[in-house]
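First up is the structure itself, then whatever we jot down about it.
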Amino acid sequence: MEKLQLREKDIFETLKKLKNINFVIIGGYAVNPYTLPRFSVDCDLVLKDENELKKLSKKLEQNNYIKIDAQKADLPYHGDFLRYEKNIVKNIDAGFDILFKEVFGRKDKISFSADWIFNNSSLVLLKGKTITDKMKLKVINIDALIAMKFISCRLTDIRDVFMLITKAKDLKWIKNEIIKKTNFDEKFKIIKDKVTSNGFRNGLQGVYGKIDDKTFEIYKKHLLELEYV
């Protein structure tokens with residue numbers, strides 16, 4: 001079994017043991033129910049109840065995950081969160097980032113409350129990229145996920161927004177949520193410059209696999225139309 005597949009397998013097996021705990025999945029693993037699945041190094045979980053947090057931490061430790069100093073980790077988050085890691089094989093670690101009460105961006109200092117995330121989530125079928133395991137878990141809804149990733153605006157988030165945008169339910173709602181938090185035009189310019197750059201498609205395919213010309217242009221058209229919603 002490939003090393004990356006081993007990581008994904010362990011994340012899914014651990015999630016099965018956590019499924020009775022009240023959390024919402026965000027981040028890379030939240031992308032997979034809505035579009036072509038991709039690898040994600042870590043699984044990001046949001047909680048709003050302290051007792052649930054204690055139960056989750058205990059479960060992770062029982063499954064050989066070790067709490068590390070989250071403040072020293074190279075993560076896009078800041079504020080109250082816990083980081084758990086487990087070595088799967090040499091040079092391959094699995095990780096869970098546990099965000100409590102809010103998701104607070106380190107770069108832009110923009111916060112999404114746990115209440116907002118829970119209110120914009122639902123039970124969906126989570127699937128992997130290299131494994132056949134599937135399970136129903138509470139995952140942030142696609143429109144809220146697009147808004148969060150649009151605001152974060154890292155390259156990996158821009159790629160995810162690109163792949164998610166054709167499945168969006170309400171573009172006007174997404175844009176309004178972005179405007180509440182940040183300057184839409186500034187973020188849109190960053191994203192537009194990136195998706196129209198020469199190397200964007202190659203990088204996208206390196207993450208998601210081969211995407212034909214027609215599909216790529218459709219996705220790009222949908223994303224750029226967000227400017228005029």
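The values are calculated or read from the model by the stated rules, or taken from the named source; none is laboratory data. Just so you know, these numbers come straight off a predicted model, no measurement behind them. In this analysis, Cβ positions are derived from the backbone assuming ideal geometry, glycine residues included, and neighbour counts consider all displayed protein chains. Keep in mind that these areas ignore ligands, DNA and RNA; they rest on the heavy atoms of the full protein, side chains included. Shrake-Rupley method; radii C 1.70, N 1.55, O 1.52, S 1.80 Å.
Do we have any residue at all in the stretch 139-160 that's of a type outside the set (Val, Ile, Thr) and more than 14 Å from the chain's Cα centre (by Cα)?
no
Could you name every one of the helices (runs of 4 or more DSSP H) located completely within the stretch 1-65 that has at least 2 residues being among the small types (Gly, Ala, Ser) and touching a residue at least 60 places away in the same chain (Cβ under 8 Å)?
Working: elements: 3-18, 28-31, 50-62.
Passing ranges, in order: 28-31.
Of the residues that make up the stretch 18-37, is at least one open to solvent by 40 Å² or more (accessible area, probe 1.4 Å), modelled with pLDDT of 95 or more and closer than 20 Å to residue 61 by Cβ?
Within the stretch 18-37, one or more residues are open to solvent by 40 Å² or more (accessible area, probe 1.4 Å), modelled with pLDDT of 95 or more and closer than 20 Å to residue 61 by Cβ.
Out of the residues in the stretch 163-175 meeting the condition of being in contact with a helix residue (DSSP H, G or I) (Cβ under 9 Å, 6 or more places away or on another chain) and either on the phi > 0 side of the Ramachandran plot or not aliphatic (A, V, I, L, M) (or both), tell me which one is surrounded by the most Cβ atoms within 10 Å (Cβ to Cβ). Explain how you work it out, then say what you get.
So the first thing to find is which residues in the stretch 163-175 are in contact with a helix residue (DSSP H, G or I) (Cβ under 9 Å, 6 or more places away or on another chain), and the list is 163-171, 173-175.
From what is left, the residues that are either on the phi > 0 side of the Ramachandran plot or not aliphatic (A, V, I, L, M) (or both) are 166-167, 169-170, 173, 175.
Numbers: 166: 14, 167: 13, 169: 10, 170: 12, 173: 16, 175: 19.
Only one residue fits best here, namely 175.
Is it the case that the stretch 180-188 has a residue that's touching a Lys or Arg at 6+ places or on another chain (Cβ under 6 Å), open to solvent by less than 50 Å² (accessible area, probe 1.4 Å), among the hydrophobic types (A, V, I, L, M, F, W, C) and assigned to a helix (DSSP H, G or I)?
No, that holds for no residue.
Go through the stretch 189-219 and give me each residue that's of a type in the set (Phe, Trp, Tyr) and either open to solvent by 20 Å² or more (accessible area, probe 1.4 Å) or outside any helix (DSSP H, G or I) (or both).
Within the stretch 189-219, just 219 meets the criteria.
Here are 157, 170, 133, 143: which of them is among the charged types (D, E, K, R) and without any contact (Cβ under 8 Å) to a residue 12 or more places away in the chain?
157
Residues in the stretch 6-33 that are more than 18 Å from the chain's Cα centre (by Cα) and of a type in the set (S, T, N, Q): how many?
Summing the residues that are more than 18 Å from the chain's Cα centre (by Cα) and of a type in the set (S, T, N, Q) in the stretch 6-33 gives 1.
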